[in-house]
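Take a look at the structure below.
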Amino acid sequence: KTFKTFKPTQTDLYFLGLSLASFLLILRFGSFLASNLQGTLPFASDMTTFYFLIPIAAGPMLVRFVLNPVITLVFAILLSVFCGFFLEQNFDMTVYYLLSGLFGAWLIGQLETRSSVLKRGVFLGLANTGLVLCLTLINTLSTSAFVDPQIILANCAFAFLAGPFAALVVLGLSPLAESLFGYTTNIKLIELANMNHPLLREMIVVAPGTYLHSQLV
């Protein structure tokens with residue numbers, strides 16, 4: 001019954017396709033930078049360290065910002081699978097991007113103002129850090145391989161920074177998505193209903209009856 005709500009319009013499909021292509025390009029650009037910057041950091045790191053910093057979670061967050069949770073779930077699964085294949089079938093990164101994106105989308109679904117997006121980004125960063133530690137523990141127990149503690153710390157630090165980074169990407173792209181595709185989000189409606197809006201303040205004085213009717217609508 002839940003997936004019966006998966007009814008994207010043609011505009012939604014255009015938006016989802018453009019978002020998928022855009023974040024895959026971001027991934028490719030991030031992996032290109034990782035291959036060139038590997039070994040330049042003053043502390044121990046590897047390619048995966050840079051992968052944790054790529055703000056793929058911003059994709060599901062942006063989709064959830066304008067569309068419903070079911071469409072967001074499908075998009076997050078597709079995006080994370082494609083990312084895993086692009087990173088040489090890296091299953092760990094598929095899991096990381098999927099869970100990080102879904103948690104970020106859940107955080108975005110609780111928003112009331114745009115200004116709180118960065119705060120949610122910090123929460124996402126903390127969740128990313130815990131996720132990296134869990135993946136590291138699982139891999140260590142399953143392979144009995146030694147992992148350099150400096151690499152673990154670097155992975156956790158980059159994963160944490162990916163949270164606020166993803167929030168900044170959402171803040172930058174959400175107004176573009178609203179204007180380009182004509183979406184009216186809950187945040188936009190809340191902003192329009194803000195008592196400090198100049199038009200509403202003038203309406204209270206000039207036409208109180210119309211103001212009350214507008215608030216009811």
inquiry  = Looking only at residues that are open to solvent by 50 Å² or more (accessible area, probe 1.4 Å) and of a type in the set (D, E, K, R) in the stretch 164-196, which one is modelled with the lowest pLDDT?
reply    = Glu191
task = Please identify the pairs in which a residue from the stretch 72-94 that is in contact (Cβ under 8 Å) with a residue 40 or more places away in the chain has its Cβ atom under 6 Å from the Cβ atom of a residue that is assigned to a loop (DSSP other than H, G, I, E, B) and crowded, with 22+ Cβ neighbours inside 10 Å, counting only partners at least 6 apart or on another chain.
result = Cys83/Ile56; Met93/Leu87
note = Here the residues within the stretch 197-217 that are open to solvent by 70 Å² or more (accessible area, probe 1.4 Å) and of a type in the set (Val, Ile, Thr) are Val205, Val206, Thr210, Val217
Test: residue in the stretch 149-160 that is surrounded by 23 or more Cβ atoms within 10 Å (Cβ to Cβ), part of a helix (DSSP H, G or I) and under 12 Å from the mean Cα position of the chain (by Cα) = no
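Condition test on Val117, is it closer than 25 Å to Val74 by Cα, open to solvent by less than 80 Å² (accessible area, probe 1.4 Å) and either within 13 Å of the chain's Cα centre (by Cα) or β-branched (Val, Ile, Thr) (or both)?
Here the answer is yes, as Val117 does meet what is asked.
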query = Quick check: is even one residue across the stretch 57-66 crowded, with 22+ Cβ neighbours inside 10 Å, assigned to a loop (DSSP other than H, G, I, E, B) and not hydroxyl-bearing (Ser, Thr, Tyr)?
reply = yes
inquiry  = The conditions are (1) touching a Cys at 6+ places or on another chain (Cβ under 6 Å); (2) crowded, with 22+ Cβ neighbours inside 10 Å; (3) not charged (D, E, K, R), and Thr129 fails exactly one of them. Which is it?
reply    = (2)
task = Would you confirm whether any residue within the stretch 75-96 is open to solvent by less than 20 Å² (accessible area, probe 1.4 Å) and not in a helix (DSSP H, G or I)?
result = yes
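The values are calculated or read from the model by the stated rules, or taken from the named source; none is laboratory data. As the structure is a computational prediction, the values presented were derived from the model and not from experiment. Cβ sites come from the backbone with ideal geometry, for glycine too, and all protein chains shown count toward neighbours. Calculation scope for accessible area: heavy atoms of the full protein, side chains included, ligands and nucleic acids excluded. Shrake-Rupley method; radii C 1.70, N 1.55, O 1.52, S 1.80 Å.
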